[in-house]
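So the structure is just underneath, and the comments pick up after that.
Derivation of every value follows stated rules applied to the coordinates shown; laboratory data play no part. None of the values given here were measured: they were computed from a predicted structure. A quick note on method: Cβ atoms are made from the backbone with ideal geometry, for glycine too, and the neighbour counts reach across all protein chains shown.
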Amino acid sequence: MLNIAVLISGSGTNLQALLNAQKEGRLKAGAIRLVISDRPGAYGLTRAQENGIPALTINRKDYKDSGEFDKAISEQLHTHNIHLVVLAGFLSILGETIVREYDHRMINIHPSLIPSFCGDGYYGLRVHRAALEKGVKVTGATVHYVSEVADGGQIIMQQPVFVKEDDTPESLQKRVMEEAEWVMLPKAVEQVCTAINNDKERQVENESL
Ligand code: GRF
């Protein structure tokens, strides 16, 4: 059973989807052991506490530079022996040291069909506003591995959502969360944990040859 850390910045509805999956037995290959918020008071911290999961705030504003911030996060990941890091609404950009350390062990969920509407400046409602301004008929969400390029890592899973004529950024965001993000993230986490487990088993076999 792998140890999972979920990094958040806000409401934590994607974290809640993972907690629900864990409670309902749909998350078997890994267990959520730690929640870290880069902002104090994020409601996702309350969701973690309500489920008996250690919840920490590592406030980005308390660190003079991103290197020190990343180090503080990395220390907690090591302390809790974390195997998979899930960025779920996490708004800080992590530096290449920690991203490389967790190569194919760190994933992110983004509320569009990458490569559309992603990268610098595309987060939260801005993503859905851009999709409506462009007039796309289909949008959705993407789970991908984290790489040094923002939202540029290998795609793991995508889920489409049709845009409605009368959609606003708010109504579209809500439907993308309900129909894509909250459905897909638990499946993607289970899939990645299974892949990591299989990878570990192969390594043990190879070492025993
Ligand atoms: C979600 O739309 C997620 O895709 C994006 O930020 C939002 C976070 O929502 N990265 P929540 O904190 O999980 O409710």
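Observations, loosely collected:
- The lysines within cross-link reach of residue 134, meaning a Cα-to-Cα straight distance under 22 Å and a gap of 8 or more places when in the same chain, are 164, 174.
- Length released on extending from residue 174 to residue 134, taking residue separation times 0.36 nm less the Cα-Cα span: 12.5 nm
- A DSSP coil position with no more than 11 other Cβ atoms inside 10 Å describes the following trypsin sites (Lys or Arg not before Pro) in segment 1-108: 64.
- Placing a label point 7 Å from the Cα of residue 61 along the Cα-to-Cβ direction, the residues of segment 1-32 with a backbone N closer than 17 Å are 9-11.
- Segment 84-156 and segment 47-67: distance between their alpha carbon centers, rounded to Å: 20
- For segment 140-150, 3J(HN,Hα) per residue [Karplus equation, 6.51 cos²θ - 1.76 cosθ + 1.60, θ = phi - 60°, Hz, x = Gly/Pro]: x, 9, 9, 10, 9, 5, 7, 10, 5, 8, 3
- Helical content of the chain, expressed as a calculated mean residue ellipticity at 222 nm, amounts to -12500 deg cm²/dmol (DSSP H runs of 4 or more residues, -39,500 (n - 2.57) each, divided by residue number, nearest 500).
- 19 Å Cα-Cα reach of residue 28 towards lysines, excluding residues that sit fewer than 8 places from it in its own chain: 187, 200
- The charge dipole of segment 29-84, taken about its Cα centre with unit charges on the Cβ atoms of Lys, Arg (+1), Asp and Glu (-1) only, comes to about 120 debye.
- Cα-based shape type of segment 1-124, given that a ≥ b ≥ c are square roots of the gyration tensor eigenvalues and the cut on a/c is 1.5: rounded
- Amide H contacts under 5 Å for residue 57: 37, restricted to partners 5 or more places along the chain or on a different chain, H placed in the peptide plane at 1.01 Å from N.
- Other residues lying with their Cβ under 15 Å from the Cβ of residue 100 contribute a combined charge of -3, Lys and Arg counting +1, Asp and Glu -1.
- Gain upon complete extension [residue 91, residue 208; 0.36 nm per residue less C-alpha separation]: 37.9 nm
- Taking 14 Å as the straight-line reach from the Cα of residue 71, the aspartates and glutamates in range (excluding those fewer than 8 positions away in the same chain) are 38, 62, 96, 101.
- For segment 94-209, the alpha carbon convex hull comes to 95 Å³ per residue, rounded to a whole number.
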